[in-house]
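The values are calculated or read from the model by the stated rules, or taken from the named source; none is laboratory data. None of the values given here were measured: they were computed from a predicted structure. Cβ: placed from backbone, ideal geometry, glycine included. Neighbour counts: every protein chain shown.
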């Protein structure tokens, strides 16, 4: 299976569902207030921005792998995780004070600009951040309601909702740690891996797999097998993300490849480089990290250090090892076959070979 | 029934359940990270601060009124709405930039102070607000999970969860409007009533009633009857809150009775007074509203204007009328009897006669 192509074709389907969802919801909200309509229109545009829809696809193909037959309902239900994604990203954008997300203004920035345009009272940024908290909260409940009202047995939905809430609670702990990481002087490999684990592996991979499987009535033991795939595959995904964020082709990536550095992100690449770096190299990295006036030369120097300390190679090798681990975990369930299984195997490989 | 006494006795029960809940959860989170434990300890203390537990009681007694028998499970389940309350208040505190909640530091203030104490990098307030967004999100998912895992039939829980998500989405719209209200120059009675409706009536009253009833398998028509009680009772509750916020006894209230004025809250009292006020009186109100240097004399002058324009009387009469409407709505279900019914009748009256 060409997992890249399958993912692209699936993305079109879930995006069509999301469009239908908002086009139905928005007119219903007109009776409440124009500000509610505006909030949903912002959320609609934000959610439909160019994205891989990896989480929705992981949900969908796990459901198929476990024997699911109702493809139409599963595609529709997969919207839940894209709405969860909007919820978490909107809040994350506020915490990271990001101006752009997927090349366009973040929700708090949209509201900030609206405040200025309307010449409202008080601080535009605080207004923007407040409304972004609200839009994120609304996205959360819309997401949960998609899953709650989906056409699957109530018993299975309850199990899936329990898993979802538990997982997002864990993501919340990861987010707590991430915010701590942004204000602490020193963070090491353990901290980075812990954040990768809770934010990316648990959320991006494990959550859609568990929810998809539980809608098919999967057992706790099935869940453990799926986690055995999801956690290493998710960490590998994040490592590749960090590599692309520093060495990727900006045109293919659609974003600057020095923004992680500029934001001072303690990626595994940086942490490992710092472990091996000389005093002079350490100084150069520290000067670049989180520097809003970062130059191309400074970024290139850091890239060079990351390479020559062996940190890049370490990360690449680790990602390959983790993907092997992930695929091996699924071997415990030879009965899981078909396009679902083919997708999970294929996507794990693709995610560490992708260029964007 | 002495609804005040019943409420106080119920509060002790749900608080004991909340204590047990956190005391079980916190040790389980130790394996994640000390920062996760800290977040839950903050949430524990925040949730257990002195409060009426009105929402939990409305849920519990509606469940009983609809024929519910499992009192122990219902008390335990009623925690969900107190956790929702923490979630919404923590986010609200960030939006309103409040330093205190129930006489103690707000969550973002606790984290802001922790940041200073630890001499972390970057802005302490932004750190505090970010962690408060996270703690609020965590409270949201803990709340939903309490309801998801409660020992009631899955079909009923799905209906209750659907109602809950729909209701909190509506609260989100109310919150969007509220934030707009805080930056707009002019807001009228319609806007105030709209905010009261979505924030207080829908959330504080309608939500616990619907969830309690749906766990007992209530029909859509039963839901309409309950809404017919909840919406007017909820608006009356908020009107009384606003009256106490300006005319209440500070010792009984446990907070300043000029803070609504100082914060520039456009309560019905203010809006109605402005409608009738002379130019000179309008100037005096505007000078006081949202003025951080508000003096006792200025506050007293505004109180005087609110009285002599008939605004106070208007609000009081409206609250009485709304409570009558609320109680009359329940007459459509004479079969709803017992301590549940007695509580709903009694609490509607008590809530507009209360002194705190």
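Annotations for the structure displayed:
- Yes/no for residue B:90 being in contact with a strand residue (DSSP E or B) (Cβ under 9 Å, 6 or more places away or on another chain) and within 11 Å of chain A (Cβ to nearest Cβ): yes
Let's see how each residue does on (1) assigned to a helix (DSSP H, G or I); (2) buried (at least 17 other Cβ atoms within 10 Å of the Cβ):
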position	(1), (2)
B:8	yes, no
B:13	yes, yes
B:21	yes, yes
B:27	yes, no
B:36	yes, yes
B:40	yes, yes
B:43	yes, yes
B:46	yes, yes
B:50	no, no
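- Qualifying residue in the stretch B:121-132 (condition: surrounded by fewer than 20 Cβ atoms within 10 Å (Cβ to Cβ), more than 30 Å from residue B:67 (Cβ to Cβ) and at pLDDT below 95): yes
- Of all residues in the stretch B:93-119 being at pLDDT below 95, in a loop (DSSP other than H, G, I, E, B) and surrounded by 16 or more Cβ atoms within 10 Å (Cβ to Cβ), the one that is nearest to the other protein chains (Cβ to nearest Cβ): B:97
- Of the helices (runs of 4 or more DSSP H) contained entirely in the stretch B:219-338, those carrying at least 1 residues that are within 22 Å of the chain's Cα centre (by Cα) and buried (at least 19 other Cβ atoms within 10 Å of the Cβ) fall at B:220-247, B:259-262, B:268-276, B:311-330.
Residues are listed down the side, and each one gets a yes or a no for (1) modelled with pLDDT of 95 or more; (2) over 22 Å from residue A:204 (Cα atoms):
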{"position": "A:239", "(1), (2)": "no, no"}
{"position": "A:256", "(1), (2)": "no, yes"}
{"position": "A:267", "(1), (2)": "no, no"}
{"position": "A:274", "(1), (2)": "no, yes"}
{"position": "A:320", "(1), (2)": "yes, no"}
{"position": "A:346", "(1), (2)": "yes, no"}
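- Going through (1) surrounded by fewer than 24 Cβ atoms within 10 Å (Cβ to Cβ); (2) within 14 Å of another protein chain (Cβ to nearest Cβ); (3) farther than 30 Å from residue A:264 by Cβ one by one, residue A:80 falls short only on (1).
- Counting the residues of the stretch A:140-152 that are closer than 14 Å to residue A:63 by Cα and at the interface with chain B (Cβ under 8 Å from one of its Cβ atoms) gives 0.
- When the residues of the stretch A:139-151 are filtered to those that are without any contact (Cβ under 8 Å) to a residue 12 or more places away in the chain and part of a helix (DSSP H, G or I), the one that is nearest to residue B:152 (Cα to Cα) is A:145.
- Residue A:199 more than 10 Å from chain B (Cβ to nearest Cβ), free of Cβ contacts under 8 Å to residues at least 60 places away in the same chain and within 28 Å of residue B:121 (Cα to Cα): yes
- Close contacts from the stretch B:152-169, counting a first residue that is surrounded by fewer than 21 Cβ atoms within 10 Å (Cβ to Cβ) and a second that is outside any helix (DSSP H, G or I) and at pLDDT 95 or above, with Cβ to Cβ under 7 Å and a gap of 6+ residues or different chains, come to B:156/B:217; B:162/A:149.
- When each of A:172, A:136, A:128 is tested for being part of a helix (DSSP H, G or I), out of contact with any strand residue (DSSP E or B) (no Cβ under 6 Å at 6 or more places or on another chain) and more than 9 Å from chain B (Cβ to nearest Cβ), the lone residue that passes is A:128.
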